[in-house]
1. What is the sum of charges, Lys and Arg at +1 and Asp and Glu at -1, for the other residues whose Cβ falls under 14 Å from the Cβ of residue 232?
2. Hey, can you grab everything whose amide H is under 5 Å from the amide H of residue 186? Only 5+ residues off in sequence or another chain; H modelled, so Pro and N-termini drop out.
3. Using r as the Cβ-Cβ distance of residue 433 and residue 304, and R0 as 41 Å, what FRET efficiency do you calculate, to the nearest 0.05?
4. Quick one: if the Förster radius is 25 Å, what FRET efficiency do residue 379 and residue 125 give, using the C-beta to C-beta distance and rounding to 0.05?
5. Starting from 0.36 nm per residue, how many nanometres of slack lie between residue 174 and residue 312 once their C-alpha separation is accounted for?
6. Whole angstrom only: what separates the Cα centroid of region 1-47 from the Cα centroid of region 215-237?
7. In region 81-184, what percent of the accessible surface is made up of carbon and sulfur (1.4 Å probe, ligands and nucleic acids excluded)?
8. Near the amide H of residue 85, under 5 Å away, which other amide H atoms are found, from residues 5 or more places off or on another chain, if H is placed in the peptide plane?
Amino acid sequence: MAQLSTDYLVVGTGASAMAFVDTLVAHTDAEVVLVDRRHAPGGHWVDAYPFVRLHQPSAYYGVPSLPLGEDRIDTEGVNAGFYERATAAELQHYYEQALGQLVATGRVRFLGSTEYLGTEAGAHVVESRLTGGRQEIAVRRRLVDATYIQSDIPATHVPPFAVADDATLVTPNALVDLGGTPAGFTLVGGGKTAMDVAFWLLEQGVDPDRIRWIRPRDSWYLDRTFTQPLEQAGSLIEYQSRFVEACAHAPSGPDFARRLEEHGMMCRIDETIDPEINRGATVARVELEAVRDIERVVRLGWVDAIGETAIELAGGSVPTTPDEVHVDCTAQGLATAPMIPIYDGDRVTVQFTTLGVAPWSAAILGFVEALDVDDDERNRLCRPVPRTGLIIDQLWVNALGFQAEAPRREHPEVSAWGQTCRLNPGRSMAEQFGNPDLQPAFERLMVNLEPAMSNLADHSSRVSSPPPTSTTTGGRH
């Protein structure tokens with residue numbers, strides 16, 4: 001077998017991997033080989049449904065060295081008044097540019113359409129998915145596993161229910177190429193993917209009465225108003241102050257969400273239903289109001305089978321026809337996995353170390369990897385933060401997020417770098433310290449911080465790691 005040699009072998013080129021490598025290359029002289037079973041970088045964005053956009057502003061997504069978009073505030077459409085959010089096509093192009101920059105350093109090599117097979121006789125082995133040819137890769141420093149919490153996405157998801165041969169089940173990707181006019185649309189799933197599909201169908205002029213929505217469980221959403229950076233960072237400060245206040249007083253995850261709902265920050269489609277899920281998705285109020293027009297909501301539990309004339313659910317059945325288009329929106333997004341040490345000898349296992357967005361978390365890991373410290377110190381600075389997606393876990397997750405952030409805030413190098421990194425959602429918050437309109441929010445933060453830490457301490461040791469995916473989400477929405 002042909003052999004390569006490198007400092008780091010990175011498995012995966014999704015958003016987390018790219019942010020990690022971009023940061024690492026900027027702060028070291030390391031050589032990196034990137035391996036991905038997809039043909040292009042960008043992870044799940046390569047397979048994204050064409051009408052999806054980022055949930056959060058482009059201003060703090062991507063890699064540190066390359067701006068995404070122009071930090072423009074949109075003036076039209078559903079995102080009017082908010083910082084721009086990249087489309088799937090824009091993100092695909094962006095990650096190709098980011099990879100091009102890395103390759104141009106002469107220290108990064110990309111092996112696309114390639115599977116990582118593991119080790120044989122001490123060497124790492126990869127195999128081309130096109131030719132079957134294998135290569136050994138000698139790794140001088142570390143293997144970086146950026147697939148540990150990879151996304152379960154609609155395009156590649158296997159539905160967890162039976163589908164009759166004469167029934168029509170499609171992914172959201174296929175909606176843009178349907179032939180003929182369906183009798184109607186049945187959305188299966190209660191998460192952000194289903195929300196995206198519902199809103200897109202309505203935007204295309206589909207009458208809400210032609211849309212049926214099977215929602216076994218509902219989700220909490222964050223109002224997009226409170227995720228804005230840069231000149232609108234005041235809204236983020238207001239949100240953080242209310243977040244800390246809720247952490248100080250909430251006895252449970254559901255109560256935490258309802259406290260934020262009282263301030264217009266968290267929201268739900270149906271205010272008579274207590275959502276079980278919170279995956280951190282954001283929505284605009286106009287989206288929320290639009291999908292509320294869909295009144296044909298089925299709440300009979302999980303789908304067991306989609307047949308030619310009936311959909312069988314855990315709590316009963318509803319009729320259907322072969323001309324009905326059923327849309328599978330049950331992919332769970334980010335996987336839930338047990339927390340393990342991020343830095344461990346010859347391996348880095350990429351996980352969240354913040355309550356925020358994946359690229360920001362991964363960039364922190366890349367910067368800490370570049371520090372001249374041992375793994376005990378790296379793991380002290382970068383504790384894993386779980387994302388179970390269950391609202392009942394919210395205070396536990398918040399507690400671990402606070403604990404993970406504290407040592408980085410006190411570390412001079414990490415703190416100084418974070419204040420300038422474009423992926424940090426809060427990098428503009430310091431500029432708002434003198435804003436008189438925000439003084440109540442800053443005071444609220446100060447008053448509630450210690451009580452929040454005290455309340456969260458009671459939840460931080462609930463369990464040492466999240467339960468397996470099969471018992472937390474069942475792979476379904």
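The values are calculated or read from the model by the stated rules, or taken from the named source; none is laboratory data. Since the structure is predicted, the reported quantities are computational estimates derived from the model, not experimental observations. We place every Cβ from the backbone using ideal geometry, glycine too, and count neighbours over all the protein chains shown. Areas reflect the complete protein model, heavy atoms only, side chains present, ligands, DNA and RNA absent. Shrake-Rupley method; radii C 1.70, N 1.55, O 1.52, S 1.80 Å.
1. Here the charged neighbours net out to -4.
2. 212, 325, 326, 327
3. 0.15
4. It comes out at approximately 0.35.
5. Roughly 47.3 nm would be gained on extension.
6. Comparing the Cα centres of region 1-47 and region 215-237, I get a distance of 31 Å.
7. Answer for region 81-184 is 47 percent, counting heavy atoms of protein chains only.
8. 58
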